[in-house]
1. Just for segment 70-80: of the residues that are surrounded by 15 or more Cβ atoms within 10 Å (Cβ to Cβ) and more than 16 Å from the ligand (Cβ to nearest atom), which one is nearest to Arg128 (Cα to Cα)?
2. Can you tell me which residues in segment 53-71 are among the hydrophobic types (A, V, I, L, M, F, W, C) and part of a helix (DSSP H, G or I)?
3. Residues Leu93, Leu125, Leu137, Leu101: which one is within 7 Å of the ligand (Cβ to nearest atom) and either open to solvent by less than 80 Å² (accessible area, probe 1.4 Å) or in contact (Cβ under 8 Å) with a residue 12 or more places away in the chain (or both)?
4. Within segment 104-122, which residues are without any contact (Cβ under 8 Å) to a residue 60 or more places away in the chain and open to solvent by less than 90 Å² (accessible area, probe 1.4 Å)?
5. Take segment 16-48 and flag every residue that is more than 27 Å from Ala68 (Cα to Cα), in a helix (DSSP H, G or I) and not acidic (Asp, Glu).
6. Considering every residue within segment 126-135, establish whether at least one is under 30 Å from Gln11 (Cβ atoms) and touching a Lys or Arg at 6+ places or on another chain (Cβ under 6 Å).
7. Of these, Pro178, Pro192, Pro220, which one is touching a helix residue (DSSP H, G or I) at 6+ places or on another chain (Cβ under 7 Å) and not hydrophobic (A, V, I, L, M, F, W, C)?
8. Do you know which residues across segment 104-115 are among the hydrophobic types (A, V, I, L, M, F, W, C), closer than 14 Å to Ile67 by Cα and either near the ligand (Cβ under 7 Å from one of its atoms) or part of a loop (DSSP other than H, G, I, E, B) (or both)?
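The values are calculated or read from the model by the stated rules, or taken from the named source; none is laboratory data. Because the structure is predicted, anything quoted here is derived from the model rather than measured. Positions of Cβ are backbone-derived with ideal geometry, glycine not excepted, and every protein chain shown enters the neighbour counts. Side chains included, ligands, DNA and RNA excluded: accessible areas come from the protein's heavy atoms. Shrake-Rupley method; radii C 1.70, N 1.55, O 1.52, S 1.80 Å.
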Amino acid sequence: MRIDIITVLPQLLESPFQHSILKRAIEKGIVEVNLINLRDYSTHKQKSVDDYAFGGGAGMVMGIEPIANCINALKAERQYDEVIYTSPDGETLNQKMANHLSTFKNIIILCGHYKGVDERVRQHLITREISIGDYVLSGGELAAAVICDSIIRLIPGAISDETSALTDSFQDNLLAPPVYTRPAEYNGWKVPDILLSGHNKNIEEWRHEQSIERTQKRRPDLLK
Ligand code: SAH
């Protein structure tokens, strides 16, 4: 998979891809992530990418020209499955969406800043708008990092124990069961006996029951 992230702050996005699962997935060649500096596509002397809003009001707006130049240059090289804009008024990211996006070959993620992008970008150049929750961030970079993390860990080979991602919360609309590790007893607080029993079938059943119970208690909406 190839992910091209268009941003005015490429440095802000370097670190999330330099550690742990994302780093290894890139090293293994499972995913290629390119941080593209939108300013490189500005035709202004000062490399500016924003301007005052028509009609007045506070805040700058990212203009269509550099964004269109950048997206068109990328599209001239290859076909994209989706051109995503990170936006608080987009569809809220969830596991189902992450599963779907993880099957794509090439995607673009455009990070907004300031007041956001000129509406014509959204109307004509973007195919999907994704929010990571009902709150406003200063820019789309952290949202892009969240989206990428949720996608990349699902690509086969990204996680060494392949089944692990499939037993995480939200797969099958269930929350994950509780987990424990050594010591079996700490401060009088014990690990459930069943997990020490060695009976795999009973353990699986117990985990499934715990998943259902936890989902009923914390997120009954998922069971509907
Ligand atoms: N004026 C806009 C917010 C701009 S915030 C509004 O009220 O809707 C600046 C940029 O941060 C946005 O363009 C978007 O790219 C990003 N952003 C902010 N909150 C986000 C969220 N919850 N999910 C995804 N991206 C977000």
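1. For segment 70-80, the residue satisfying everything is Tyr80.
2. Answer for segment 53-71, where residues must be among the hydrophobic types (A, V, I, L, M, F, W, C) and part of a helix (DSSP H, G or I): Ile64, Ile67, Ala68, Cys70, Ile71.
3. Leu137
4. Gly112, Gly116, Val117, Asp118, Val121, Arg122
5. The answer is Ser20, Ile21, Leu22, Lys23, Arg24, Ala25, Ile26.
6. no
7. Sole residue among the options that is touching a helix residue (DSSP H, G or I) at 6+ places or on another chain (Cβ under 7 Å) and not hydrophobic (A, V, I, L, M, F, W, C): Pro178.
8. If the condition is that a residue be among the hydrophobic types (A, V, I, L, M, F, W, C), closer than 14 Å to Ile67 by Cα and either near the ligand (Cβ under 7 Å from one of its atoms) or part of a loop (DSSP other than H, G, I, E, B) (or both), then Cys111 is the only one that fits.
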